[in-house]
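One structure below.
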Amino acid sequence: LERVTQRSQKDRSGVDRIEARGVLFQQRVREGFLELAKAEPRIILIKTAGRTITAVHQEIISHLSKSSRF
């Protein structure tokens, strides 16, 4: 949300169609994904993207390698 706000303040063209729907829409989508993650914790991983891309990527790869579905 912070990144979207910063982009939209600089240049409205930096906001995609999903972001343009507003915060309430994004919150509903997030809640839906959290429910899916709760129902399928082996295949849906919730991560905070406040770290480096490399760190997030490595954690996702590690999670996938432990899953028997992949």
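The values are calculated or read from the model by the stated rules, or taken from the named source; none is laboratory data. Given the structure is predicted, the values throughout are model-derived calculations rather than measurements. So basically every Cβ, Gly included, is an ideal-geometry build from the backbone, and we count neighbours across all protein chains shown. Please note that ligands, DNA and RNA were not included when accessible areas were found on the heavy atoms of the full protein model with its side chains. Shrake-Rupley method; radii C 1.70, N 1.55, O 1.52, S 1.80 Å.
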Pairs, first within 20 Å of E2 (Cα to Cα) and at pLDDT 85 or above in segment 39-58, second open to solvent by less than 90 Å² (accessible area, probe 1.4 Å) and in a loop (DSSP other than H, G, I, E, B), C-beta under 7 Å, six or more apart: V56/K47; V56/A49
Search result, residues across segment 40-59 that are part of a helix (DSSP H, G or I) and open to solvent by less than 70 Å² (accessible area, probe 1.4 Å): A55, V56, E59
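Only one of S13, S8 is at pLDDT below 85, open to solvent by 90 Å² or more (accessible area, probe 1.4 Å) and part of a helix (DSSP H, G or I). Can you tell me which? Quick ask: steps written out before the conclusion?
Values: S8 fails: open to solvent by 90 Å² or more (accessible area, probe 1.4 Å).
Among S13, S8, only S13 is at pLDDT below 85, open to solvent by 90 Å² or more (accessible area, probe 1.4 Å) and part of a helix (DSSP H, G or I).
Just to check your reading of the model, which residue among V23, V29 is at pLDDT below 90 and either within 23 Å of E2 (Cα to Cα) or open to solvent by 100 Å² or more (accessible area, probe 1.4 Å) (or both)? Show your work before the answer.
On the way: V29 fails: at pLDDT below 90.
From the options V23, V29, the qualifying one is V23.
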